[in-house]
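Report on one structure; see the data block that follows.
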Amino acid sequence: MTAQQPDAIRGSLDHCVKCTICETACPVAAVTPLFPGPKYVGPQAERFRGAGPSVDASLDYCSSCGICTLVCPQGVQVAEINSRARAVMKQQRGIPLRDQLIARPPLQGKLGTPVAPLANLMLGNRLVRLAAEKALGIHRDAPVPRFAGRTFRGWARRRPAPAASGTRRVAYFHGCSTNYFEPGLGRKAVEVLAHNGCRVVLPRQGCCGLPLQSNGIFDAARGYVRRLAAGLAPYARQGYPIVATSTSCGLMLKREAREILGVEDDDLRAVSGQTYDICEFLAELHQAGELKTDFRPVPLTVTYHAPCQQQGHNIGKPALDLLALVPGLTVIELDRACCGIAGTYGLKREKYDIAMQVGSGLFGDIRAARPDLAVCDSETCRWQITHGTGRTSVHPVDVLHRAYGLS
Amino acid sequence: MNGQSGAATADVVVIGAGLAGLVAAVRLAEAGLRVVTVAKGHGSLRLSPATIDILGYGPGRVDSPARALPGFAAAHPEHPYALVGPGLLDDSVRWLKEHVDTYRYVGDASANMLLPTALGVPRPSAVVPETMAAGDLRGAGPVLIAGLGVLKDFHPSLAAENLQAATAAEGRAVRARPVLLDPPGGPADVGAVALARRFEDAAFRAAVAARLRAAARAEEAIGLPAVLGIDRARSVWTELQRETGRPVFEIPTAVPPSVPGMRLAGALAGRLRRAGGRFVLGAQVTGPQLRNGTLTGVRVSSAARVTPRACRWVVLATGGLASGGIDVDSSGAASERALGLPVRAPGPGEAAFLPGYWDDHPMDLAGLRVDGSLRPVGPDGEPVYPNVFAAGAVIGGARPWREKSGDGISLSTGYLAAEAILKEAG
């Protein structure tokens, strides 16, 4: 559904008929009694939340995957209500240092990138990880990314002037993860877009604030997303589609900043309406008959998992339609709700086991399918999938890049 | 290789993921059409007991829907069943039995079984999951109704006592005896779904089977709340019968969620996925996409905007008043929400509701009027769009909760809507 006003979010709880569909779909409540379910802590408990101290410790175990909102047939924004209530609770109880750190990818990126070999060595070191678990509460086995050492923007500055003769102008929102951890994905996205006649520009951009939001640090998150929106808005106003490879960060711009953080500003409004997940964008090109389909055979078997945040776009699974165009490619659609990681949730010492249990069904399906690649649109989910299965996990754009013969 | 492809569009957009929408979508996708199902959320099928009630009351209790339907349809010319012939209804039932392959169904329209509800009321239903069939009270022997102590939604004493009284009042008393088991896992507050997940664990199942064996008498069939596994219900039920040596049957729980509903919805959704059908969840259709008065697609609201989605045909299966497919505003005006189609409902100044709660309210019948191919028609009786077909409770003229006809209407009209499209697709 299209973005709603903040008051309408809380007001949506009056549409709850207690049908429990959200509870049957919640991947966290299915594996742990520590989370009593989205209806219980959401529309039900929300009625009792007032100005006083929060009494809901269980709310902290919500992973913010958003499946409850997705499946609710009444339009109750269960996940959004819960995210807001959790932020209030965390503000009252104090935000742990760990949450402050893992919620700031730009800080990690700026510290880690120049010393990437050392930083990666430390992240891979058992003793360092044990110490980090003890001192900070980041689980020793949790899937943390590796620094690429070079940033995506660094590559983009050096890349030769694009030869694309196209007239379609696109602004690429690469996000933090592409910049610091997966610059190759950014390069492939730019090349796939250019192959389709897009002139790709890279607006100045920082973090969208999503990790801060999901850790309940709303004030800082609002600052991040406002700055990002201000940087993207001039392009949005000129009619550039703003194309994102990080599906959860794209969703932040589309609706979460407004619906969860309550950010109301003209820049964000302009940007929201112009933001596209990259698969959504390419599938719309295809629907208009404007996507190049000069694909070479890619004789691989891949699984496809649509991450929760991708489903939150309410656009179905455009990646499946795109992958179906690639000759020789066998695509296995996985029908599991969540991999468990939910951004930073599965990194936390007290939640790691829950996250792994949430993901166990997905991991089992992937292992059974024995794919060459496990395709998934979200970076943290890819890292979790690789952690849980040992399989290489890539963004759908990676497969398209191969199929176009660009790799 | 050439660079550009033709436009990629869906053949059919199905709006709604309840029984009617899923049946139409699966049938169309398996026939090779590209089907996109757009749904606001999970459909209410997941809340239903998943029995296929064809006609339970008309108005007296119906023993054989097949025999009762011709007269019922003649007496209710605006009822969906007046459009669905008996042959097509049978075809749709046969189709469902073949297509829900993970979870077997038994029975047909020739006779209603009488299944006990969680409140102990005999309920007529024609086509039922095999896991419930041994509860058929027609000529039943004594039953043991077993509660699971941790489940607060099912009370064996209440069910057994009511069942005995209700069957005695009909002159065929069924001896019903309650027992409250204490399954392993402690006294935590556990709902039906959590319990159903436990039943998929072999050790838990074995422990319950042992307690049932000790509690049941030789001649008794054993009734349990319908929580005997989700994905593996067939094997859970089979194993419990084998381990107890008694017929075992499930009784749908009285309050949501419904585990059997989750099984049926999951089986159909899985089938649809395997046939290449796509789901767009959390999205709403806000209106038709028109070109020169012709419907060329639907407008779908997503997270940030409303986007047209092109298609050749639409199946509208959004449900009736209860599901929000039909809306009634504060002035009493009824409307159809997805495509803005004309609704047959009491107009301004006409009585919409009668004084008694249980009266037959004129508003009950609110919904679309359709032609013989299930195309919604306007006041002139002509189809509004030649390529839009309706299925399920969005079609007016029925009182499914009173008639016990909702599943039969959804199944048969979903099946028929698909048939009408397949005929045109050639």
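The values are calculated or read from the model by the stated rules, or taken from the named source; none is laboratory data. Since this is a predicted model, take the numbers as computed values, not measurements. Here the Cβ positions follow ideal geometry from the backbone for every residue, glycine too, while neighbour counts run over all protein chains shown. Just so you know, the surface numbers come from the protein's heavy atoms only, side chains and all, with ligands and any DNA or RNA stripped out. Shrake-Rupley method; radii C 1.70, N 1.55, O 1.52, S 1.80 Å.
Couple of notes before you dig in:
- Taking every residue in A:17-23 and counting other chain Cβ atoms within 10 Å of its Cβ, the average works out to 6.
- Per the accessible-area calculation with a 1.4 Å probe, the total area buried between chain B and chain A rounds to 3300 Å².
- Nearest-10 value in Å² for the accessible area of B:Arg211, using the 1.4 Å probe: 90
- In a fully extended conformation the segment linking B:Ala165 and B:Arg217 would gain 16.6 nm over its present Cα-Cα distance, using 0.36 nm per residue.
- Cross-link reach is defined here as a Cα-Cα straight distance under 17 Å, omitting same-chain residues fewer than 8 places apart; for A:Lys188 the lysines meeting it are A:Lys292.
- For segment A:225-241, putting each phi into the Karplus relation 6.51 cos²θ - 1.76 cosθ + 1.60 with θ = phi - 60° gives couplings of 6, 5, 5, 4, 4, 5, x, 8, 4, x, 6, 4, 5, 8, x, 5, x Hz, in residue order, rounded to whole numbers and with x for Gly and Pro.
- For the set B:Asp201, B:Asp371, B:Asp182, the ranking by accessible area, highest first and with no ligand, DNA or RNA atoms included, is B:Asp182, B:Asp201, B:Asp371 under a 1.4 Å probe.
- Note on A:Leu97/A:Arg158: beta-carbon distance plugged into 1/(1 + (r/R0)^6) with R0 of 35 Å gives a FRET efficiency of 0.40.
- Restriction of the GluC sites (Glu not before Pro) in segment A:300-379 to DSSP coil positions whose beta-carbon has at most 11 other beta-carbons within 10 angstrom yields A:Glu350.
- Unit charges on C-beta of K, R, D, E only; dipole of chain A, Debye: 1300
- Counted residue by residue at 0.36 nm each, then reduced by the alpha carbon distance between them, the extension gain from A:Thr392 to A:Asp266 reaches 41.3 nm.
- Segment A:189-284: trypsin sites (Lys or Arg not before Pro) in DSSP coil with no more than 10 other Cβ atoms inside 10 Å: A:Arg204
- Alpha-carbon centroids, segment B:373-388 and segment A:113-160: separation in whole Å: 62
- Efficiency of FRET from Cβ geometry, B:Arg138 and A:Ala288, R₀ 56 Å, rounded to 0.05: 0.40
- Antiparallel bridges, percent of DSSP beta bridges restricted to chain A (to nearest 5): 5
- Comparing each chain alone with all protein chains together (probe 1.4 Å, DNA, RNA and ligands left out), the residues of segment A:62-83 losing at least 40 Å² of accessible area are A:Leu70, A:Val71, A:Pro73.
- Full extension of the chain between B:Asp329 and B:Asp360 yields a length gain of 9.1 nm, computed as 0.36 nm times the residue separation minus the alpha carbon distance.
- Under 18 Å of direct C-alpha separation, and excluding same-chain neighbours fewer than eight residues apart, A:Lys39 reaches these lysines: A:Lys18, B:Lys40, B:Lys152.
- The eigenvalues of the Cα gyration tensor, multiplied by 5 and square-rooted, give chain B an equivalent ellipsoid with semi-axes of 40, 26, 19 Å from largest to smallest.
- Annotation note: trypsin sites (Lys or Arg not before Pro) in segment B:302-376 located in DSSP loop regions with a Cβ neighbour count of at most 16 within 10 Å are B:Arg305.
- Sites excluded, chymotrypsin sites (Phe, Trp or Tyr not before Pro) in DSSP loops with at most 15 other C-beta within 10 Å, longest stretch of chain B: B:1-352
- Computed on protein heavy atoms with a 1.4 Å probe, the accessible areas place B:His76, B:His99 in the order B:His76, B:His99, largest first.
- Other residues lying with their Cβ under 15 Å from the Cβ of A:Glu350 contribute a combined charge of +4, Lys and Arg counting +1, Asp and Glu -1.
- Sequence-distant residues sharing a close amide H with A:Lys348 (under 5 Å, placed H): A:His139
- Cα centroid separation, segment B:39-109 to segment A:294-366 (Å): 37
- Taking a sphere under 11 Å around the Cβ of A:Ile81 and counting the other residues whose Cβ falls inside, with K and R at +1 and D and E at -1, yields a net charge of +3.
- Listed values for segment B:112-129 are Karplus-derived 3J(HN,Hα) couplings in whole Hz (6.51 cos²θ - 1.76 cosθ + 1.60, θ = phi - 60°), namely 8, 7, 10, 9, x, 8, 5, 9, x, 9, x, 10, x, 8, 8, 10, 9, x, and x replaces Gly and Pro.
- Neighbouring partner chain Cβ atoms per residue of B:38-44, average, 10 Å criterion: 6
- Across peptide B:280-291, the average count of Cβ atoms from other chains found within 10 Å of a residue's Cβ is 4.
- Between segment B:317-341 and segment B:198-255, the alpha-carbon centres lie 41 Å apart.
- Per-q log10 I(q)/I(0), segment B:309-426, q = 0.11, 0.13, 0.17, 0.23 Å⁻¹ (Debye; single scatterer per alpha-carbon; no solvent): -0.36, -0.50, -0.83, -1.37
- Annotation for B:Thr294 and B:Asp380: the two label points, set 7 Å from Cα along the Cα-Cβ direction, are 1.9 nm apart.
- Lysines with Cα under 20 Å of A:Lys134, excluding same-chain neighbours fewer than 8 positions away: A:Lys348, A:Lys351
- Once the Cβ-Cβ distance of B:Lys152 and B:Ala173 is raised to the sixth power relative to R0 = 30 Å, the FRET efficiency obtained is 0.55.
- Within the full protein context, the accessible area of A:His286 is estimated at about 20 Å² for a probe radius of 1.4 Å.
- B:Ser323, A:Ser83, ranked by accessible area, largest first (probe 1.4 Å): B:Ser323, A:Ser83
- A:Ser272 accessible area, assembled protein chains, probe 1.4 Å, Å²: 0
- Rounded accessible area per residue of the protein assembly as shown, 1.4 Å, Å²: 38
- Springs between Cα atoms under 10 Å define the GNM used for chain A, and in it the highest mean-square fluctuation of A:Gln92, A:Gln44, A:Gln205 occurs at A:Gln92.
- Within chain B, helix-based [θ] at 222 nm, where runs of 4 or more DSSP H residues each add -39,500 (n - 2.57), nearest 500: -9500 deg cm²/dmol
- Note on chain A: helix-only mean residue ellipticity at 222 nm, from DSSP H runs of 4+ residues weighted -39500 (n - 2.57) and normalised by residue number, equals -13000 deg cm²/dmol.
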